[in-house]
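J.: Have a look at the structure that comes next, please.
The values are calculated or read from the model by the stated rules, or taken from the named source; none is laboratory data. Everything numeric in this text was worked out from a predicted model, so none of it was measured. Backbone-built Cβ (ideal geometry, glycine too); neighbour counts: all protein chains shown.
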Ligand SMILES: NC(=O)c1ccc[n+]([C@@H]2O[C@H](COP(=O)([O-])OP(=O)(O)OC[C@H]3O[C@@H](n4cnc5c(N)ncnc54)[C@H](O)[C@@H]3O)[C@@H](O)[C@H]2O)c1
């Protein structure tokens, strides 16, 4: 059983608290912290949490607490993590880990130096659908993953600090690209080094300094491509979709607007429908189990079970650091309009042998290019000679 300090009681602090109290059930939130004492106290009362404060250091140093959960605006993650490292408490930090790669590295070094458990709360790789698809991909069901496309778009976030570049670190890329980049990394393989990025980003609608719309390509050392599409300008709710294509298979995942629950009401239902829903009349797409569908339940299971077993969780601060470094390269590429290198210091994955990667042998002499059953029932097999390079076909 763990005793937790929940630092932040906004949208994500609430989802985390609901996940921890309703599902794993073993752990207790002992203290909660918000910027205003009265909001912290109200939240504590709602969830039966014994103590509340507006002083983050006090909550983190609470003698009963062994685990700190950071659910604060992006610019405050570093401060909370450094306090947790100083107090030798396990620390779980929401996404994005930091507002830049160098800041994330500083946080990674601090937790490693302190020797504390650290987890990166990237919920979207833990949705039940994603976990199942990842397990299939890791068993080889898709062959070599060539292209992982991930989209997160909605009409924009719900608090002022997200819209202020100095406090958030950027716009839609840092806010939502972090999810998409890590989803692609998981499918392509975390041992494969992300090499370079190119990115388009623009501020199309809102009067802000950061981008409210972006598309990026992350090229991995083995030739695979991660593609992210993020927007704070999208109308119609929250669109969360992934498409993974490999040499032997494909996966399409739809996490939010089309989950199999569609409802029409002409009069409204008088309340909340789903995160970022734009209204409550007409055709609606409610989500039966928001906390489960967004991965929070499985994420905390992995975090606390790994802590209990003394092993690293699926997502650590190192992963958060790699993601922040990729995001930094995206901002450079958006400005330069070129491919920019990704500068991960101290790469912990493998090296890739790209020679003949992904090529399938047909026989001793040929690689297989393509097989197709034609309308008249014949099978066409298109081959390439391994020595001469000549392309030919056999019809059976
Ligand atoms: N899917 C996800 O994993 C997900 C979803 C939403 C937000 N987030 C992340 O969670 C973090 C918080 O986002 P949010 O949507 O909950 O924001 P929010 O604006 O809804 O809430 C922020 C919370 O931080 C508290 N806070 C602010 N300054 C503080 C201070 N100095 N001391 C103590 N408390 C302080 C506020 O009182 C509030 O409770 C962000 O990093 C965001 O990127 C993650």
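J.: Which ones in region 285-306 are more than 16 Å from the ligand (Cβ to nearest atom) and surrounded by fewer than 20 Cβ atoms within 10 Å (Cβ to Cβ)? Lay out the reasoning, then the answer.
T.: Within region 285-306, the first condition is being more than 16 Å from the ligand (Cβ to nearest atom), and the residues that meet it are 285-286, 288, 304-306.
Result: 285, 286, 288, 305, 306.
J.: Of the residues in region 45-62, how many are within 12 Å of the ligand (Cβ to nearest atom) and surrounded by 13 or more Cβ atoms within 10 Å (Cβ to Cβ)? Before the answer, list the steps.
T.: Of all residues in region 45-62, those within 12 Å of the ligand (Cβ to nearest atom) come to 52-60.
Checking the rest, the ones that are also surrounded by 13 or more Cβ atoms within 10 Å (Cβ to Cβ) come to 52-54, 56-60.
Number of matching residues: 8.
J.: Of all the residues that make up region 94-123, how many are assigned to a helix (DSSP H, G or I), within 16 Å of the ligand (Cβ to nearest atom) and touching a strand residue (DSSP E or B) at 6+ places or on another chain (Cβ under 6 Å)?
T.: So the count comes out to 0.
J.: Within region 156-170, how many residues turn out to be more than 8 Å from the ligand (Cβ to nearest atom), part of a loop (DSSP other than H, G, I, E, B) and touching a residue at least 60 places away in the same chain (Cβ under 8 Å)?
T.: Within region 156-170, residues that are more than 8 Å from the ligand (Cβ to nearest atom), part of a loop (DSSP other than H, G, I, E, B) and touching a residue at least 60 places away in the same chain (Cβ under 8 Å) number 3.
J.: Give the residues of region 18-29 that are touching a residue at least 24 places away in the same chain (Cβ under 8 Å) and either more than 15 Å from the ligand (Cβ to nearest atom) or surrounded by 23 or more Cβ atoms within 10 Å (Cβ to Cβ) (or both), sorted by residue number.
T.: Listed by number, the residues that qualify are 20, 21, 22, 23, 24, 26, 27, 28, 29.
J.: Sticking with this one: Kindly evaluate residue 247 against the criterion of being surrounded by fewer than 18 Cβ atoms within 10 Å (Cβ to Cβ), at pLDDT below 95 and touching a helix residue (DSSP H, G or I) at 6+ places or on another chain (Cβ under 8 Å).
T.: Values: surrounded by fewer than 18 Cβ atoms within 10 Å (Cβ to Cβ): yes; at pLDDT below 95: yes; touching a helix residue (DSSP H, G or I) at 6+ places or on another chain (Cβ under 8 Å): no.
In short, no.
J.: Just the residues that are closer than 25 Å to residue 174 by Cα and touching a helix residue (DSSP H, G or I) at 6+ places or on another chain (Cβ under 8 Å), please, taken from region 134-153. Spell out how you get there, then give the answer.
T.: Here is the first cut: in region 134-153, the residues closer than 25 Å to residue 174 by Cα are 134, 145-153.
If the condition is that a residue be closer than 25 Å to residue 174 by Cα and touching a helix residue (DSSP H, G or I) at 6+ places or on another chain (Cβ under 8 Å), then 134, 145, 148, 149, 150, 151, 152, 153 are the ones that fit.
J.: Another question, then. If the requirement is being modelled with pLDDT under 90, over 30 Å from residue 117 (Cβ atoms) and surrounded by fewer than 19 Cβ atoms within 10 Å (Cβ to Cβ), which of these qualifies: 271, 266, 282?
T.: On the way: 266 fails: modelled with pLDDT under 90; 282 fails: modelled with pLDDT under 90.
None of the other options fit; the residue is 271.
J.: Ok, one more. Taking the criterion of being over 15 Å from the mean Cα position of the chain (by Cα) and either without any contact (Cβ under 8 Å) to a residue 12 or more places away in the chain or surrounded by 19 or more Cβ atoms within 10 Å (Cβ to Cβ) (or both), would at least one residue in region 312-323 satisfy it?
T.: Yes, region 312-323 contains at least one residue that is over 15 Å from the mean Cα position of the chain (by Cα) and either without any contact (Cβ under 8 Å) to a residue 12 or more places away in the chain or surrounded by 19 or more Cβ atoms within 10 Å (Cβ to Cβ) (or both).
J.: Now, a different point. Just one of the numbered conditions (1) touching a strand residue (DSSP E or B) at 6+ places or on another chain (Cβ under 8 Å); (2) on the phi > 0 side of the Ramachandran plot is not true of residue 70; which one?
T.: With respect to (1) touching a strand residue (DSSP E or B) at 6+ places or on another chain (Cβ under 8 Å); (2) on the phi > 0 side of the Ramachandran plot, residue 70 is out only on (2).
J.: Working only within region 171-210, note down all residues that are out of contact with any helix residue (DSSP H, G or I) (no Cβ under 6 Å at 6 or more places or on another chain) and part of a loop (DSSP other than H, G, I, E, B).
T.: Residues satisfying the conditions are 171, 189, 190, 191, 192, 193, 203, 204, 205, 206, 207.
J.: I would also like to ask the following. Checking residue 14 against (1) over 15 Å from residue 76 (Cβ atoms); (2) touching a strand residue (DSSP E or B) at 6+ places or on another chain (Cβ under 9 Å); (3) within 9 Å of the ligand (Cβ to nearest atom): exactly one of these is not met. Which one?
T.: (2)
J.: Name the one entry in 144, 129 that is away from the ligand (no atom under 12 Å from the Cβ), closer than 25 Å to residue 229 by Cβ and modelled with pLDDT under 95.
T.: On the way: 129 fails: modelled with pLDDT under 95.
Every option except 144 fails the conditions.
J.: While we're looking at this one, here's another question. With the requirement that a residue be more than 9 Å from the ligand (Cβ to nearest atom) and either surrounded by fewer than 16 Cβ atoms within 10 Å (Cβ to Cβ) or under 17 Å from residue 84 (Cα atoms) (or both), what does region 35-44 give you? Talk me through it step by step, then tell me what you get.
T.: We begin by selecting, within region 35-44, every residue more than 9 Å from the ligand (Cβ to nearest atom); these are 37-38, 41-42, 44.
37, 38, 42 - these are the residues of region 35-44 that are more than 9 Å from the ligand (Cβ to nearest atom) and either surrounded by fewer than 16 Cβ atoms within 10 Å (Cβ to Cβ) or under 17 Å from residue 84 (Cα atoms) (or both).
J.: When you go through 32, 65, 91 one by one, which is the residue that is within 13 Å of the ligand (Cβ to nearest atom) and not assigned by TED's automatic domain parsing to the domain that holds residue 158? If you could, list the steps in order and put the result at the bottom.
T.: Working: 65 fails: within 13 Å of the ligand (Cβ to nearest atom); 91 fails: within 13 Å of the ligand (Cβ to nearest atom).
Residue meeting the stated conditions: 32.
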